[in-house]
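See below for the structure under consideration.
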Amino acid sequence: MKIEPRKVLELHQVVKHYPGSPPIKALDGVDLIIRAGELVAVVGPSGSGKSTMLNIMGALDRPSSGEVVVDGQRLSDLADREVAGVRGHRIGFVFQQFHLLEGLSALDNVATGNLYQGLSLRWRRQMAREVLERVGLGHRMTQRPGKLSGGERQRVAIARALLGDPAIVLADEPTGNLDSQNTEEIVELFLELNRAGSTIVIITHDRELADRMPRSVAILDGRISHDSGVDSLNPEADNDPSAEA
Ligand code: ADP
């Protein structure tokens, strides 16, 4: 029997309305399962529902109806404080605008997130060093963001997303602010992190970028219009033999 990697993100019949007359159906019954070790692009034109989907997948917003399960936890069963805990510990975020603090070194941008305030700064810096090495920035850790290229800044943001080993990384138009050379570097980095076992979802309007990912899911008018499937699962991924197929 083939054992499937565990499910890290599940959307079941997710609907999201925004108020209006008539109400706007930004997501219209989305079913999607992402398993450990996948690298998936969610691609669609402006207005197709990508941001809405990202907000719901990232537990930043709740659906109007349907179920969202993150790393085995059904979010509708959880209080807001518990949802924030899942978001903080199980999901890493990467944004188009990097969102780095100019006054801090690359190392401290990664080390001083809210999440691990309970740990000593020394320990957090040690964790930060490890993830910065993983994204190829071991030699630039003391630099402030202003001294880094766009691609390097995005690497810092990716390192910050990897801190604490989240179940899934959600990247929202991560190359949207980069030139073609830096875009290429960041695409390669995502592919490399995935080969090493990270589970990653990239939200993008860029078809070409999406086509380079092992799986791409197209969204149009709030519905999944195409899903290239799950053929390229990474055998190195964190498999849970007890996971249901
Ligand atoms: P995308 O990220 O693909 O551009 P969005 O998820 O932002 O798409 O938007 C999907 C649809 O929902 C669009 O018609 C958009 O105008 C609408 N929409 C998004 N956010 C809101 C909101 N806060 N209030 C009302 N309508 C919204």
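Between residues in segment 1-28 that are over 20 Å from Asn55 (Cβ atoms) and residues that are loosely packed, with under 14 Cβ neighbours inside 10 Å and not basic (Lys, Arg), which pairs lie under 7 Å by C-beta distance while being six or more apart or on different chains?
If the second residue must be loosely packed, with under 14 Cβ neighbours inside 10 Å and not basic (Lys, Arg), the pairs left are Ile3/Pro241; Glu4/Ala245.
Find the residue count for segment 182-203, including only residues that are touching an Asp or Glu at 6+ places or on another chain (Cβ under 6 Å) and more than 16 Å from Phe98 (Cβ to Cβ). Steps first, please.
Going residue by residue through segment 182-203, those that are touching an Asp or Glu at 6+ places or on another chain (Cβ under 6 Å) are 197, 199, 203.
Adding the requirement that they be more than 16 Å from Phe98 (Cβ to Cβ) leaves 197, 199.
Total satisfying the criteria: 2.
List the helices (runs of 4 or more DSSP H) that sit entirely inside segment 14-131 and contain at least 1 residues that are closer than 27 Å to Gly176 by Cβ and within 12 Å of the ligand (Cβ to nearest atom).
50-57
Restricting the search to segment 176-203, which residues are within 25 Å of Arg6 (Cα to Cα) and of a type in the set (Ser, Thr, Tyr)?
Ser198, Thr199, listed by residue number.
Only residues that are within 15 Å of Glu10 (Cβ to Cβ) and among the acidic types (Asp, Glu): list them for segment 39-82, please.
Across segment 39-82, the qualifying residues are Glu67, Asp71, Asp77.
Sort out which residues of segment 193-232 are among the charged types (D, E, K, R) and within 27 Å of Ala159 (Cα to Cα), and write them in order of number.
First, pick out the residues of segment 193-232 that are among the charged types (D, E, K, R): 195, 206-208, 211-212, 215, 221, 223, 227, 231.
Within segment 193-232, Arg195, Asp206, Arg207, Glu208, Asp211, Arg212, Arg215 qualify.
For segment 121-130, state whether one or more residues are modelled with pLDDT of 95 or more and under 15 Å from the mean Cα position of the chain (by Cα).
Checking segment 121-130: not a single residue is modelled with pLDDT of 95 or more and under 15 Å from the mean Cα position of the chain (by Cα).
Mind listing just one residue for me: the one in segment 10-55 that is among the acidic types (Asp, Glu) and closer than 17 Å to Val201 by Cα and, of those, surrounded by the most Cβ atoms within 10 Å (Cβ to Cβ)? Walk me through it before giving the result.
At the first step, the residues of segment 10-55 found to be among the acidic types (Asp, Glu) are 10, 28, 31, 38.
Applying the additional criterion that residues be closer than 17 Å to Val201 by Cα yields 10, 31, 38.
Details: Glu10: 19, Asp31: 14, Glu38: 24.
Within segment 10-55, the match that is surrounded by the most Cβ atoms within 10 Å (Cβ to Cβ) is Glu38.
Of the residues Thr183, Thr175, which is at pLDDT 95 or above, under 25 Å from Lys50 (Cβ atoms), of a type outside the set (Asp, Glu) and within 16 Å of the ligand (Cβ to nearest atom)? I'd like the intermediate steps shown before the answer.
On the way: Thr183 fails: within 16 Å of the ligand (Cβ to nearest atom).
From the options Thr183, Thr175, the qualifying one is Thr175.
The values are calculated or read from the model by the stated rules, or taken from the named source; none is laboratory data. Source: prediction; values computed, not measured. Cβ: placed from backbone, ideal geometry, glycine included. Neighbour counts: every protein chain shown.
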